[in-house]
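Encoded as structure tokens, the structure appears first; notes follow it.
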Amino acid sequence: MEPFAPSERHHEYEQLLKRHSSNPILEPKDWPYAVNAVFNPGATRLRDTEEVLLLVRVEGRRGHSHLCAARSPDGTRNWVIDSEPTMRADREARPEEFWGIEDPRITWVPELEQYGVVYTAYSHGGPGVSLALTRDFRSFDHYGMIMPPDDKDAALFPRRFGDHWALIHRPVPAAGGAHIWISFSPDLRHWGSHKVVMYAREGGWWDAHKIGLSPPPIETPEGWLLLYHGVRMTAAGCLYRIGLALLDLDEPSRVVRRSDEWIFAPHEPYERVGDVGDVVFPCGTVPGHDGDTLLVYYGAADTYVSLATASIRELLEWLEAHNYVGTA
């Protein structure tokens with residue numbers, strides 16, 4: 001059997017996200033320079049070439065991360081990887097990036113005709129949320145840290161609500177749990193009107209310890225579809241799994257539906273064994289040309305990049321049938 005041969009286990013919820021037969025689709029050995037791990041990629045379809053671009057978190061042997069672009073005509077194979085880091089941390093110009101940059105989420109913003117890249121900047125004070133804009137993933141306009149530590153798991157919505165932009169993020173206060181929040185800004189620089197969108201559940205739930213956004217929100221006629229990760233503490237450590245939620249189309253601070261069960265969990269060897277085992281962590285999705293297929297790119301065990309496909313229609317139908325209406 002191949003080292004990463006897919007297992008024969010099939011369950012209803014696993015079939016919502018179908019693993020690609022070539023997983024992992026990108027590994028450290030694929031990189032044109034020496035790296036330790038490649039994982040948690042942001043994803044988009046380039047407007048000019050229609051290529052799929054992944055902005056991959058790349059960790060070197062110092063333990064610090066940078067971001068590197070990989071491009072593919074179909075989003076599954078024949079990846080062309082930048083020969084050097086695409087976005088590096090800059091300790092002098094951006095001291096908030098002192099220990100590296102991590103986990104990008106990419107949103108195409110039509111009003112600006114640019115891609116918004118929201119990423120984690122690892123500062124002396126801990127991880128915070130930073131923003132950069134780009135048209136070509138060659139040069140970047142850095143807005144700096146827009147949410148201070150500890151904060152991460154953030155992404156922009158692609159359009160304004162009224163006069164304000166919106167950002168999903170996950171602050172961790174000194175007292176209290178790790179929940180999903182939303183904040184608003186008139187200019188992408190000054191943020192306020194902070195509000196909890198969704199709480200981590202309590203007790204024995206699969207998402208009882210902490211929750212956070214996975215890929216950026218996906219606009220559908222029914223609302224903003226969220227894939228979010230839930231973390232449960234076990235005797236063996238943290239276990240990361242993926243669930244669904246739906247936010248109101250015009251009032252994204254309002255949760256319309258939230259799944260009772262997870263839909264995707266670490267099962268395969270490349271998801272269970274790596275630098276951080278038992279982790280599946282999507283940071284980017286790309287819609288297919290049919291308007292329904294969704295390519296979901298995720299980090300596996302903090303070591304590899306993997307791919308799953310889904311139907312947006314099936315995700316919404318499943319979420320309607322598995323909406324949790326009780327209390328935590």
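Computed from the coordinates by the stated procedures, all read-outs in this text should not be read as laboratory data. Quick caveat: nothing in here was measured; it's all calculated off a predicted structure. In this analysis, Cβ positions are derived from the backbone assuming ideal geometry, glycine residues included, and neighbour counts consider all displayed protein chains.
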Problem set entry | Residue among TRP206, GLY144, GLY126 farthest towards the positive dipole end of the stretch 122-206, charges placed on Cβ | TRP206
For this session: Rank the residues GLU102, GLU92 as a footprinting-exposure proxy: fewest other Cβ atoms within 10 Å of their Cβ go first.
Result: GLU92, GLU102
Exercise. Can you give the calculated 222 nm mean residue ellipticity of the chain, where each DSSP H run of n ≥ 4 adds -39,500 (n - 2.57) and the sum is split over every residue, rounded to the nearest 500 deg cm²/dmol?
Worked result: -1000 deg cm²/dmol
For this session: Identify the trypsin sites (Lys or Arg not before Pro) of the stretch 169-252 meeting these criteria: DSSP loop state and at most 15 other C-beta atoms within 10 Å of the C-beta.
Result: ARG189
Seminar exercise, completed: Here the stretch 60-65 yields Karplus 3J(HN,Hα) values (6.51, -1.76, 1.60; θ = phi - 60°; whole Hz; Gly and Pro given as x) of x, 7, 7, x, 8, 10
Seminar exercise, completed: Expected vector for the stretch 272-279, Karplus 3J(HN,Hα) from phi with 6.51, -1.76, 1.60 and θ = phi - 60°, integer Hz, x for Gly and Pro, equals 9, 10, x, 4, 10, x, 6, 10
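Relative contact order (percent) for the chain, with alpha-carbon contacts under 8 angstrom and 6 or more residues of separation? If you can, show how the numbers build up before the last one.
Working: 876 pairs, mean separation 53.2, N = 328.
RCO, the chain: 16 percent.
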Exercise. So which lysines can LYS195 reach, going by Cα to Cα under 30 Å and dropping same-chain residues fewer than 8 places off?
Worked result: LYS152, LYS210
Exercise. Residue-wise, which Karplus ³J(HN,Hα) couplings in Hz belong to the stretch 109-123, taking 6.51 cos²θ - 1.76 cosθ + 1.60, θ = phi - 60°, and x for glycine or proline?
Worked result: 10, x, 4, 8, 6, 9, 8, x, 10, 9, 9, 8, 9, 9, 9
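Nearest 20 debye, what's the magnitude of the dipole of the chain about its Cα centre given +1 on Lys and Arg Cβ and -1 on Asp and Glu Cβ? The partial results should precede the final answer.
Numbers: 32 positive and 47 negative charges, 115 e Å.
Dipole of the chain, to the nearest 20 debye: 560 debye.
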Seminar exercise, completed: For the stretch 157-203 the mean separation of alpha carbon contacts under 8 Å (6+ apart) over residue count, i.e. relative contact order in percent, is 30
Exercise. Which cross-chain or sequence-distant (5 or more) residues have an amide H under 5 Å from the amide H of GLU261, H modelled 1.01 Å from N in plane?
Worked result: none
Problem set entry | All Cα pairs of the stretch 27-321, percent lying beyond 27 Å | 35
Exercise. How do CYS68, CYS283 line up, fewest other C-beta atoms within 10 Å first?
Worked result: CYS68, CYS283
